[in-house]
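The numbers here are math on the coordinates, done by the rules we state, and not lab data. Only a predicted model underlies this, so the values are computations on that prediction, with no experimental measurement involved. Cβ sites come from the backbone with ideal geometry, for glycine too, and all protein chains shown count toward neighbours.
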Amino acid sequence: MFNKRTKIKQLLASGAAGQELTVMGWVRTFRNNQFIALNDGSTNNNLQVVATLGQFDETLLKRLTTGASIKVTGRVVASVGKGQNLELKAATIEILGDSDAEKYPLQPKKHSLEFLREKAHLRFRTNTFGSVFRVRHSLAFAVHQFFNQKGFVYLHTPIVTSSDAEGAGEMFRVTTLPMENPPRNEDGSINYKEDFFGKSTNLTVSGQLEGELGAMAFSEIYTFGPTFRAENSNTTRHLAEFWMIEPEMAFHDIEDNMNLAEEFIQYLIRYAMEHNKEDLAFLDQRLAEEEKQKPQQERAEMGLLEKLNFVLNNQFERITYTEAIAVLLDSPAYKKKKFKYEVSWGIDMQSEHERYLVEKHFKKPVIVTGYPAKIKAFYMRMNDGCEAGKETVAAMDILAPGIGEIVGGSQREERLDKLEARMADMHVPAEEMGWYLDTRRFGTVPHAGFGLGFERMVQFVTGMTNIRDVIAFARTPGNCEF
Ligand code: 4AD
Ligand code: MG
């Protein structure tokens, strides 16, 4: 029976020699025709299985190659060798699946992350990706625990949508119309009335607008699902398919929103630090080695664990957009013309500006509020009493060291007249969005919410520099393998 097996993590943690048990896993290495390093994905710590010399068939031993899967029954004994306290003295070894050592792509040596990206179907079997994906799992679990404890309702917003309201970027079209010869209107445009949904549809860029509808009944909801953006951004921070967590809260203003976001991020970090100690210690070490390869001035000031502890123990800096621009204009980087893009009130800050604020100036996560209305989405609440031409909205972005923007959010415009004016201004088709405007017509309330990019959060906690290395199978421009 397969379910009688013991997981290696459990076995190593139990600390008790003497038990007879069965383990299953994949051979990492086999040395001296005697010692198998066995891994089952529950931990990076391999179990040493001892195949006592002379006790096993030569033909069986030959099949104990890297990548082969085996079932071993034996007795747990105290280890005399160094590197582990316990080992398993094998009584029986059964090969479940052979692995041709000549052909198996993962050799028992260090492979580059680029190489492993090409072998993403096997990279879970390496220490780095074992750790990254166990941490990712923990963070996902912690997301639900955090909101569940607070009484938020988990709302599943649709993946396919006909609304183009966010304006967050290019969308992927969803259609069943024949590409070669689509039905056309008299003016030559494509007739989406004949499409599957009777209208033009896309993959969602955000669940927020539907989330707001939920918040107007449950008070507090959150979404956690995949979102899609067809931006042609080939960077270490962008995916075409990424996961986003979007809480939406009635009876919250921008201040409450910031407090929740900060508490949430700290909760996630704390959860991983408590539940993934070994994996984070491994990733801390891995990053330290990676940093050593860099020239001195490009190295991060803090190690991974040091950075996470720092973020837990220090409040995020809170500044307005106007203050941020003043800091930039006053910076040595600006005066020495080190910025590639211009700096002036009204710009959409570029990543070089955000990184300067977070990594050089404040050296901690920063929440920026009060962005110019012109560069933000239509649903953000207009701040009262602004100078003409300098209108700002109650937006907030959280910028994190090494990542840049990790959260985007705002207080929402709950005043129907102001919202309609802004939609007209920004050419948002109000006539198609009666359902959204209804929340402002019937019992509107002050409300707010934000979106946390899950992969960027996983990057922050694991220290992985490329976002392609924290999602199982990355979708980026020109790449949709697996
Ligand atoms: O700032 P964004 O576009 O905000 C929204 O979508 C709002 N509807 C959120 C809300 O208020 N409910 O995206 C939110 C976050 C960003 O801060 C970033 O962390 C992440 O989503 N993100 C991406 N992550 C990976 N790849 C991309 N292409 C991303 N685009 C945004
Ligand atoms: Mg944003």
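Please report, in debye to the nearest 20, how large the charge dipole of the chain is about its Cα centre when each Lys and Arg carries +1 at its beta carbon and each Asp and Glu carries -1 there.
So the dipole magnitude of the chain works out to roughly 2340 debye.
Considering only Cα-Cα distances, which of the following residue pairs are longer than 26 Å: LYS9/LYS110; LYS336/LYS360; LYS336/LYS376; LYS110/LYS360; LYS390/LYS418; LYS294/LYS336?
Exceeds cut-off: LYS336/LYS376; LYS110/LYS360.
Please give the length that would be gained between ASN313 and PHE196 if that part of the chain were fully extended, namely 0.36 nm times their separation in residues minus their C-alpha to C-alpha distance (nm, one decimal).
Result for the pair: 36.9 nm of gain on full extension.
Using a 10 Å cut-off around each Cβ, can you sort HIS156, HIS137 from fewest to most neighbouring Cβ atoms?
In order of increasing Cβ crowding within 10 Å: HIS156, HIS137.
Report the full-extension gain for the segment ALA472 to LYS4: residue separation times 0.36 nm, less the Cα-Cα distance, to one decimal in nm.
165.6 nm
Find which of LEU11, PHE56, ALA78 sits farthest along the positive direction of the dipole of the range 1-97, computed with +1 on the beta-carbon of Lys and Arg, -1 on that of Asp and Glu, about the Cα centre.
Comparing the listed Cα positions along the dipole, LEU11 ranks first.
For PHE339 and GLU391, what is the calculated FRET efficiency with R₀ set at 25 Å and r taken between the beta-carbons, to the nearest 0.05?
Taking R0 as 25 Å, the efficiency between PHE339 and GLU391 is 0.50.
Would you compute, from DSSP H runs of 4+ residues alone, the mean residue ellipticity of the chain at 222 nm, taking -39500 (n - 2.57) per run and dividing by the full residue count, rounded to the nearest 500?
-9000 deg cm²/dmol
Note down the magnitude of the dipole of the range 290-359 about its Cα centre, charges +1 on Lys and Arg C-beta and -1 on Asp and Glu C-beta and zero elsewhere, to the nearest 20 debye.
For the range 290-359, the charge dipole is close to 280 debye.
May I ask you to compute the full-extension gain from ILE159 to GLN145, defined as 0.36 nm times their residue separation minus their alpha-carbon distance, rounded to one decimal in nm?
My answer for the length gained is 2.7 nm.
If I model a spin label as a point 7 Å beyond the Cα along the Cα-Cβ vector, how far apart are those points for HIS275 and GLU263 in nm?
Taking the simple label geometry, HIS275 and GLU263 are separated by 1.9 nm.
Taking a quarter of the surface of the Cα convex hull of the chain, what do you get in nm²?
Average of the hull's projected areas for the chain equals 29.4 nm².
Just how large is the dipole of the range 116-176 about the Cα centre, in debye to the nearest 20, putting +1 at every Lys and Arg Cβ and -1 at every Asp and Glu Cβ?
Once rounded to the nearest 20, the dipole reads 500 debye.
In the range 65-148, which GluC sites (Glu not before Pro) fall in coil by DSSP and have 10 or fewer other Cβ atoms within 10 Å?
The qualifying sites are GLU102.
What residues from the range 378-403 fall in the zone where the backbone N is under 13 Å from a label point 7 Å along the Cα-to-C-beta line of THR235?
399-400, 402-403
Over the Cα atoms, compute the radius of gyration (one decimal) and Dmax (the largest Cα-Cα distance, rounded to a whole number) for the range 76-119, in Å.
That works out to 16.0, 40 Å for Rg and Dmax.
For a protection proxy built on the mean count of beta-carbon atoms within 10 angstrom, sort 4-11, 332-339 highest first, please.
Output ranking for 4-11, 332-339: 4-11, 332-339.
With 31 Å as the limit, write out which pairs from LYS109/LYS307; LYS109/LYS340; LYS337/LYS363 have Cα-Cα distances beyond it, or answer none.
LYS109/LYS340
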